[in-house]
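Take a look at the structure below.
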Amino acid sequence: MTDRPPLQPATARRSPAMTGHARVPGDKSISHRALLLGGLAAGETRITGLLDGDDVLRTAAAMRAFGAQVDGAGGEWTVRGVGNGGLLEPEAPLDFGNSGTGVRLAMGLAGVYDMVTAFAGDASLSRRPMGRVLDPLRLMGVQVEATPGDRLPLTLRGPKTAAPITYRVPVASAQVKSAVLLAGLNAPGVTTVIEPVPTRDHTEKMLRGFGANVEIETGAGGLRHIRIKGQGRLTGQAIAVPGDPSSAAFVVVAALIVPGSDVVVENVLVNPTRTGLFDTLHEMGASIEMFNRRNSGGEDIADLRVRASELKSITVPPERAPSMIDEYPVLAVAAAFAEGETLMQGLDELRVKESDRLASVAAGLKANAVDCEEGKDWLLVRGSPEGRGLGGGTVETSSDHRVAMSFLVMGLTAENPVTVDDTGMIAASFPQFVDLMRGLGAEIE
């Protein structure tokens, strides 16, 4: 288990209008998958725009441990894969730090191999449940030795031959879906995932791009059957990773709530399974213009022009949660400056993120004089459009990068400064966050 580094607090203060152009780091979801499939494919995979945050670097290290040659820096990487079915047994436990996506997808990829693979993480990741991924792997013949509650550290012992399964995911989770599909790559026959609620579809798109035999059938009510034929050949690809909409969210909300702001965020992924926040902000009255739309590698990309806006409250329905589950913390900040009461529903998944993210956000709002109420799976925020009386508190981030960045955004327009107790973990997903925001005019110290 990794040691916790010293805390790095930061304070954000009311700032002048934010202006300029920004380009956020590469999408984290796509970066993880590019390394995993590039490491498994035969031949060379070239990746540009890769997010080089700590979470993704942990996945790169894991693929090296599995026998792939992974080289790169500054967003340009080359991966020489081992070929489907060719993963090697790691010599030591794979430490994924704070990366829930990396560890869960790697469990699916490698757990069904006839070898022993151990997984570890930091204190925060070790509190997060892994059972939702381990349950289908058990059905495929994987033996699991885990910390009570199916938590890290844990060890997987794969079967001689993995059994293909048909698995209906019990919760809307792209990680579970992806783990089962990746496991199906090394199982004979056809593995099927049944997805009642559509989630981000990067895995299906990228599997097809690498040459996997994937079929998708969408039935009544959006029910999806995703089938993958195992033990096929994967071939290395050239992948350009677009900007992460979950990272762009912080710049977008800051530009909306800081008076007079006018910011362009370039090269942002606008896959329909990832734009729930932008749709919600539009409903709240946000000025967000998507232009220069294009398609790359099967993914939709656009530039965003964002101008300061007077936001109004809305009710965010629970069915929107899968398309914006990582963006609720910064949406809560936007709601703190909106007119009226904003109700966010269907937030139970936030309880099992890097922190109990719902509780952390509610506590941070209250610490900064925001009138809010927290339920089991909902959050109600009563806004103060001009930020009068807001701020002045210190937020306990609980090692959660999205909580830290969200409340620094809040401090940019609250009447009083907002302090977060730690920013060190921001390197997991957005290492350039503070410098980028300062470059647009934000006062963060």
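Looking only at region 350-357, decide whether some residue is in the same structural domain as residue 15 (by TED's automatic domain parsing) and under 23 Å from residue 308 (Cβ atoms).
Within region 350-357, none of the residues are in the same structural domain as residue 15 (by TED's automatic domain parsing) and under 23 Å from residue 308 (Cβ atoms).
Going by the conditions given, is residue 257 buried (at least 24 other Cβ atoms within 10 Å of the Cβ), of a type outside the set (Phe, Trp, Tyr) and not assigned by TED's automatic domain parsing to the domain that holds residue 323? When the stated conditions are applied, residue 257 does not pass them. Specify the residue that is surrounded by the fewest Cβ atoms within 10 Å (Cβ to Cβ); the eligible residues are those in region 208-236 that are aliphatic (A, V, I, L, M) and in contact (Cβ under 8 Å) with a residue 40 or more places away in the chain. It comes out as 234. Counting only strands (runs of 3 or more DSSP E) that fall entirely inside region 275-367 and contain at least 3 residues that are surrounded by fewer than 16 Cβ atoms within 10 Å (Cβ to Cβ) and not charged (D, E, K, R), the qualifying elements are 287-296.
Across region 69-90, the qualifying residues are those that are in contact with a Leu (Cβ under 9 Å, 6 or more places away or on another chain) and outside any loop (DSSP other than H, G, I, E, B), and the one among them that is surrounded by the fewest Cβ atoms within 10 Å (Cβ to Cβ) is 76.
In the set 191, 203, only one residue is within 18 Å of residue 45 (Cβ to Cβ), of a type in the set (S, T, N, Q) and not assigned by TED's automatic domain parsing to the domain that holds residue 322; that residue is 203.
Selection of region 248-259 for residues being of a type in the set (Gly, Ala, Ser) and in contact with a helix residue (DSSP H, G or I) (Cβ under 8 Å, 6 or more places away or on another chain) yields 249, 254.
Quick one: would you say residue 42 is in contact (Cβ under 8 Å) with a residue 60 or more places away in the chain, surrounded by fewer than 23 Cβ atoms within 10 Å (Cβ to Cβ), farther than 20 Å from residue 399 by Cβ and among the hydrophobic types (A, V, I, L, M, F, W, C)? Yes; evaluated as a whole, the condition is true for this residue.
Every residue in region 40-60 that is under 26 Å from residue 119 (Cβ atoms) and either in a strand (DSSP E or B) or of a type in the set (Gly, Ala, Ser) (or both), please. Talk me through it step by step, then tell me what you get.
Here is the first cut: in region 40-60, the ones under 26 Å from residue 119 (Cβ atoms) are 40-42, 45, 47, 50-60.
Once the filter is applied, which keeps residues that are under 26 Å from residue 119 (Cβ atoms) and either in a strand (DSSP E or B) or of a type in the set (Gly, Ala, Ser) (or both), region 40-60 yields 41, 42, 45, 47, 53, 60.
In region 261-296, what residues are touching a residue at least 60 places away in the same chain (Cβ under 8 Å) and aliphatic (A, V, I, L, M)? Residues satisfying the conditions are 263, 264, 265, 268, 269. Cβ-Cβ distances below 6 Å connect the following pairs, each with a first residue in region 73-87 that is modelled with pLDDT under 95 and among the small types (Gly, Ala, Ser), a second residue that is assigned to a loop (DSSP other than H, G, I, E, B) and surrounded by 17 or more Cβ atoms within 10 Å (Cβ to Cβ), and a separation of six or more residues or different chains: 75/49; 75/50. Exactly one residue out of 272, 259 is closer than 22 Å to residue 332 by Cα, modelled with pLDDT of 95 or more and not β-branched (Val, Ile, Thr), and it is 259. Just to verify a result, which residue in region 41-62, among those that are in contact with a Ser or Thr (Cβ under 8 Å, 6 or more places away or on another chain) and hydroxyl-bearing (Ser, Thr, Tyr), is nearest to residue 429 (Cα to Cα)? The extreme case among them is 59.
Here is the figure for region 237-247: residues that are in contact with a helix residue (DSSP H, G or I) (Cβ under 9 Å, 6 or more places away or on another chain) and crowded, with 21+ Cβ neighbours inside 10 Å total 7. Here the condition is being assigned to a strand (DSSP E or B), touching a residue at least 40 places away in the same chain (Cβ under 8 Å), of a type in the set (A, V, I, L, M, F, W, C) and surrounded by 23 or more Cβ atoms within 10 Å (Cβ to Cβ); of 379, 408, 390, it holds for 379 alone.
The set of residues from region 334-349 being out of contact with any strand residue (DSSP E or B) (no Cβ under 9 Å at 6 or more places or on another chain) and closer than 27 Å to residue 310 by Cβ comprises just one member, 337.
The values are calculated or read from the model by the stated rules, or taken from the named source; none is laboratory data. Because the structure is a prediction, the values reported are computed rather than measured. Positions of Cβ are backbone-derived with ideal geometry, glycine not excepted, and every protein chain shown enters the neighbour counts.
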